[in-house]
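Heads up: the structure comes next, in structure tokens.
The values are calculated or read from the model by the stated rules, or taken from the named source; none is laboratory data. Given the structure is predicted, the values throughout are model-derived calculations rather than measurements. A quick note on method: Cβ atoms are made from the backbone with ideal geometry, for glycine too, and the neighbour counts reach across all protein chains shown. Just so you know, the surface numbers come from the protein's heavy atoms only, side chains and all, with ligands and any DNA or RNA stripped out. Shrake-Rupley method; radii C 1.70, N 1.55, O 1.52, S 1.80 Å.
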Amino acid sequence: VKHSPDIDFDQPISRQQETKLHEHYGWPLYWLDKITPDLRGLGLHPHILVRLIAGTDTEAEQFPYDDIIDSRTPDWVRRGTIPGAVNIPFTEFKSTDNAMEIMEDRFNVTVGDTWDFTYARTLVMFCNGIWCPQSPTAIKKLLSMGYPAAKIKYFRGGMQNWSSLGLTVVYPDK
């Protein structure tokens, strides 16, 4: 307590002040996502994703991407997805052999004695929402296999965020 950060007891505590206190005492930051704490920095805000899809804003040029990957299982995808998304269920990444095949066939990774990610595609991955572990599971597998973090963008809000913003949802043929 003697060397802890100052607190103004007459004001609400800010997130910045909370962060200082948590860092000082070594407490975990309770507001961070418990499912995906190691994916911080890969996030993508929905307004950027909308501009990426529409190609309507120069700001979107800062976030080039090759594929939007809906990593949900097909039963979820039938309920609606983001326009232009390709469904590769997270379950396809569970097996290392299957993940290697996807990286080689779909993501331009050269698989051999060593993996070459020089021409790896930049992916935007999403699932149902912040509470959903499907994209984080696929992303963690890709990262564990050496896929460059800079080539993965995680739309953490997923379909829940997308739909709640009233953005266009498409329904694949059943």
ask   = If you roll a 1.4 Å probe over segment 64-165 with all protein chains in place, what percent of the accessible area is carbon or sulfur?
value = 50 percent
Heavy-atom SASA rank of Asp113, Asp70 (probe 1.4 Å, accessible area, largest first) = Asp113, Asp70
request  = Mind listing the long-range amide H neighbours of Tyr154? Cut-off is under 5 Å, sequence gap 5 or more, other chains count too, H placed in the peptide plane at 1.01 Å from N.
outcome  = Gly43, Leu44, Met125
Efficiency of FRET from Cβ geometry, Met145 and Arg78, R₀ 25 Å, rounded to 0.05 = 0.30
